[in-house]
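Reading through the structure tokens given below for one structure.
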Amino acid sequence: MHGLSRQAMGARVLIIATCSATGSALAQGVEPPGPSSEALARLDGFALGLTLADRFSGVVLVADNGEVVFEKAYGKLDEKQDRAATTESRFNLASAGKMFTAVAVLQQIAAGRLTLDTHVGEVLEDYPNKVFSDQVTVRQLLMHTAGAGDINELFGVENEAIRARVHSVADMVALHWDRAPEFSPGSDQRYGNFGHIVLGRMIEVLSGQDYESYAREHVFAPAGMTHTGFVDCTDPAPDLATGYATVGGERVPNCAVEPARGFPAGGEVSTARDMLRFIEALRSGKLIPPKLFAEATKTHHEFMGLGFFATGYGPGVPQRDFRWGHAGGSDGICTDVRTYPRTGETIIVLSNRDPPGCYPVSNFLHEQWNARRKQVDPAN
């Protein structure tokens, strides 16, 4: 008799997880205060199925109003080594780290050093492109409506030499500070990385600190994030996850195609617990005033708040699906940090696999609720 392959076993677990019945609360049309034990068991089965099918590795954390109700690691910390991921493992955050820059900017606003309508040139007085410096505002940079564009020179094996000579946020800004906005600021929305680098440089000028020092002192420390920071991509620390990229047909550590360290557009490393501490520090007012936090995490345009994703809304979308947070992805990195204000859930998924590998996991609880609700009440 032939046994099932790991992929087939994973597919079977996936099917079992997604087809299980929901609890009585759903059948009665009652929205529970948080995820049920049955829902969390299905989530575990789903993530395990993806892992056995070689489609996921990482850490999944679910909190109910700040209290951890589910936390588990899956798969390997390094696909070429026999090191299992643990719940204490640190993962690259990719663009989820943009939330740290958003908080730093909002802190400057709370301190009266900035407003949302401050223009770039009011802080970066030597910014050479006057269209950009005179027309682009802090608000537009936070919302990706400035036309700031991207900074592709920091990514890809072909740009290794450029990355090697970029040593500061000022160096990153200088790569494109002669470039005009891609469209009239405020007239469109196009996600990119360069805008947050400009914001990072503004933070440096206003605070008198380099970006890394500012983030450590004013974001990580007050939130109690002792396992979050800026590390070299090649750091051999045993708790660091290694992501891989395909270069020339071979799988190599993603240091070959990524910035060497985190920067204002992302790339810091953290644990799932530390990211929960960050979320709770925001919700409790430790990092920015509650009124400013509420403004930053509501939808201002399309999918964006002020530096945070604020999405999951619209015709036919249940109110319980609205969420704020941020995701990130690159070669060998997939991160999703989201909080659902209506249900009180925070879902954090950190992975060292390519996107979109982590997103089905972070979507699972709400997609399953909605699917089962449709079965119970097709008219809803």
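May I ask for the Kirkwood hydrodynamic radius of the stretch 77-205, worked out over all distinct Cα pairs and given in angstroms to one decimal?
Final number for the Kirkwood radius of the stretch 77-205 is 16.0 Å.
Return the long-range amide H neighbours of T118 (sequence gap of 5 or more, or a different chain), with a cut-off of under 5 Å between placed amide H atoms.
V138, R139
What stretch of the chain, leaving out the sites themselves, is the longest with no trypsin sites (Lys or Arg not before Pro) in a DSSP loop having at most 11 other Cβ atoms within 10 Å?
In the chain, the maximal stretch lacking such sites is 166-380.
Take every Cα-Cα pair in the stretch 268-314 and report what % of them are more than 12 Å apart.
The calculated P(r) of the stretch 268-314 puts 65 percent of pairs beyond 12 Å.
By the scheme Lys and Arg +1, Asp and Glu -1, what is the net charge of all other residues having a beta-carbon under 14 Å from that of Y191?
Working: positive: K98, R190; negative: D150, E182, D188, E302.
Residues near Y191 contribute -2 overall.
Report the one residue of F70, A223, I197 whose Cα lies farthest in the direction of the positive end of the charge dipole of the chain (charges on C-beta: Lys and Arg +1, Asp and Glu -1; origin at the Cα centre).
The residue sitting farthest along the positive end of the dipole is F70.
Name the residues whose placed amide hydrogens come within less than 5 Å of the amide hydrogen of M304, ignoring near sequence neighbours (fewer than 5 apart) on the same chain.
A310
Explain nothing, just the number: dipole magnitude of the stretch 65-142 about its Cα centre with +1 on each Lys and Arg Cβ and -1 on each Asp and Glu Cβ, in debye rounded to the nearest 20. Don't jump to the answer; show the numbers that get you there.
On the way: 9 positive and 11 negative charges, 38 e Å.
Using Cβ point charges on Lys, Arg, Asp and Glu, the stretch 65-142 gives about 180 debye.
Using the Cβ atoms and a cut-off under 15 Å, what net charge is assigned to the surroundings of E67, where Lys and Arg are +1 and Asp and Glu are -1?
Numbers: positive: R273, R277, R283; negative: D64, E71, E280, E345.
Cβ neighbours under 15 Å give a net charge of -1.
For the chain, what is the calculated [θ] at 222 nm in deg cm²/dmol (nearest 500), taking -39500 (n - 2.57) for each run of four or more DSSP H residues and dividing by its residue count? Spell out each step's value before the answer.
Working: 14 runs with 130 residues, N = 380.
Calculated mean residue ellipticity at 222 nm is -10000 deg cm²/dmol.
How compact is the stretch 212-359 by the rule of thumb for globular proteins, expressed as Cα Rg over 2.2 N^0.38 Å?
1.12
Taking amide H atoms as placed 1.01 Å from N in the peptide plane, list the residues 5 or more away in sequence, or in a different chain, whose amide H sits under 5 Å from that of A84.
For A84, whose amide H was placed from the backbone, the distant partners under 5 Å are L77.
Which of the aspartates and glutamates could be linked to K80 by a straight reach, that is with a Cα gap under 17 Å, when you skip same-chain ones fewer than 8 residues away?
The reachable aspartates and glutamates, counting only those whose Cα sits under 17 Å from K80, are D54, D235, D239, E250, D331, D354.
Scan the stretch 176-226 for GluC sites (Glu not before Pro) in coil per DSSP, keeping those whose Cβ has at most 16 other Cβ atoms within 10 Å, and list them by number.
Details: sites: E182, E204, E212, E217; in loops: E182.
Sites meeting the loop and neighbour criteria: E182.
For the chain, calculate the relative contact order in percent as a whole number, restricting contacts to Cα pairs under 8 Å that are 6 or more residues apart.
Numbers: 758 pairs, mean separation 84.3, N = 380.
Relative contact order comes out at 22 percent.
Please go through the stretch 168-275 and write out the chymotrypsin sites (Phe, Trp or Tyr not before Pro) that DSSP classes as loop and that have at most 16 other C-beta atoms within 10 Å. Mind dumping the intermediate values first?
Details: sites: W177, F183, Y191, F194, Y211, Y214, F220, F230, Y244; in loops: W177, F183, Y191, F230.
Hits after loop and neighbour filter: F183, Y191.
When Lys and Arg each count +1 and Asp and Glu each count -1, what net charge do the other residues less than 14 Å away from E125, Cβ to Cβ, add up to?
Result for the neighbourhood of E125: -2.
When the Karplus curve 6.51 cos²θ - 1.76 cosθ + 1.60 is applied with θ = phi - 60°, which whole-Hz ³J(HN,Hα) does each residue of the stretch 328-337 get, with x for Gly and Pro?
My calculation for the stretch 328-337 gives x, x, 6, 4, x, 9, 8, 9, 9, 10 Hz in order.
Full-extension gain between N152 and A110, please, as 0.36 nm times their residue separation minus the C-alpha to C-alpha distance.
11.9 nm
If you place +1 on the Cβ of every Lys and Arg, -1 on the Cβ of every Asp and Glu, and leave all else neutral, what size is the dipole of the chain about its Cα centre, to the nearest 20 Debye?
Working: 35 positive and 45 negative charges, 218 e Å.
Using only the charged Cβ atoms, the result is roughly 1040 debye.
Just so you know, all these numbers are worked out from the coordinates, no wet-lab data involved. These numbers come from a predicted model, not from an experiment. We place every Cβ from the backbone using ideal geometry, glycine too, and count neighbours over all the protein chains shown.
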